[in-house]
Amino acid sequence: MLKAILFDMDGVLVDSEPIHFKSNCITLEKYCNITLEYEYYKQFIGSTIAYMWKRVVDDFHIVEYTADDLLKLNDAVLQELVEKDGYPPIPGAAECVREWKQAGYLLAVASSSKREKILQNIKRLGIADCFDRIVSGMELEHPKPNPDIFLEAAKLLEVKPEECLVIEDSGNGVKAAVSAGMACLGFLNPNSGEQDLSGADYLFESFSSLDESFLCMVHNHHFGEP
C-alpha cells in the first residue's frame with residue numbers, strides 16, 4: 001500500500017539545473033581558467049555539489065584550490081544568480097504536493113542540495129508545511145546513486161521502502177530509488193539533460209498528467225499488488 005511520496009527538488013519542484021550549470025561554469029572559468037563542458041557536467045546531476053567539486057579537482061588536476069574552496073566560491077556565484085533570476089517553479093508540482101498532502105500521504109523532500117536551500121525553495125513555493133520530513137544528501141556519507149537518502153527518508157517517516165514512491169528527474173536519482181527498493185516515477189525535464197531514466201516504472205512530461213489514482217496504480221504495479 002502506498003503511504004509516502006518522496007520528492008527530489010532540483011528539476012522536480014524547481015527548475016534549477018540551468019542556473020546550477022551556469023554558476024559552475026562561471027566559477028571554473030573565473031578561478032581556474034577551465035571551461036566546463038555540459039557532457040562532463042551532466043553525470044553529476046542528481047548527486048551532491050560537494051561530490052562534483054571533489055571529482056572536478058581530481059579530474060582537472062586543480063592544485064590552486066581545494067574542493068571545499070571551490071564549493072564556497074561557487075556558493076557565492078550561485079547566490080548572486082539566484083537573487084537576480086530566482087529558481088523557476090516546475091508547473092503543477094506545488095499543486096500536486098498540496099493535493100497529495102490533503103489526500104493523507106506522508107511527504108518528504110529527499111534532495112542532494114543543502115538543507116537551507118531546500119527550505120528556502122519550498123517556502124518560496126508555499127508548500128513548506130506540506131512536507132513531513134526533509135532529507136539533505138549533503139548530510140549523508142553516500143550521495144545518489146546510492147540509496148541512503150531515500151532509505152533515510154523512509155526511516156524518518158516510519159514507513160517501509162515498499163510503501164514509498166519516488167519522483168525523480170535524474171539518472172542518479174532513479175538508480176538510488178531502485179536500489180532503495182522503491183517504486184519510481186521519472187520526470188522528463190528537458191533542462192535536466194539527456195538523463196537515463198529507464199529504471200523508473202513510468203515516465204511523465206507534466207505534473208498535470210498525474211493524479212492520486214495513477215500514483216497508486218504505478219506503485220501497485222511495481223510491487224505486484226492488486
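Computed from the coordinates by the stated procedures, all read-outs in this text should not be read as laboratory data. Note that the coordinates shown come from a computational prediction; the quantities given were computed from them, not determined experimentally. Positions of Cβ are generated from backbone atoms using ideal geometry, with glycine treated the same way; all protein chains shown enter the neighbour counts.
Structural remarks
- Helix-only [θ]222 nm of the chain, DSSP H runs n ≥ 4, -39500 (n - 2.57) each, per residue, nearest 500: -13500 deg cm²/dmol
- Treating r as the C-beta distance of E139 and A103 and R0 as 30 Å, the FRET efficiency rounds to 0.55.
- The share of alpha-carbon pairs in the stretch 17-85 lying farther apart than 13 Å comes to 61%.
- For the stretch 51-140, the percent of C-alpha pairs falling in each 10 Å distance bin, counted from 0 to the bin holding the largest distance, reads 14, 37, 29, 15, 5, 0.
- Estimated FRET transfer efficiency (E80, L156; beta-carbon r; R0 25 Å; 0.05): 0.15
- A straight chain from T66 to E37 at 0.36 nm per residue would run longer than the Cα-Cα distance by 8.4 nm.
- Relative contact order, percent, the stretch 17-85 [alpha-carbon distance under 8 Å, six or more residues apart]: 39
- Counting neighbouring Cβ atoms within 10 Å and putting the fewest first, the residues W53, W100 line up as W100, W53.
- Charging the Cβ of each Asp and Glu at -1 and of each Lys and Arg at +1, and nothing else, the dipole of the chain about its Cα centre rounds to 380 debye.
- log10 of Debye I(q)/I(0), alpha-carbon scatterers only, for the stretch 99-226 at 0.12, 0.17, 0.22 Å⁻¹: -0.43, -0.93, -1.63
- Sequentially through the stretch 44-51, phi angles give Karplus couplings (6.51, -1.76, 1.60; θ = phi - 60°) of 9, 4, x, 8, 8, 5, 5, 5 Hz, Gly and Pro residues having no value and appearing as x.
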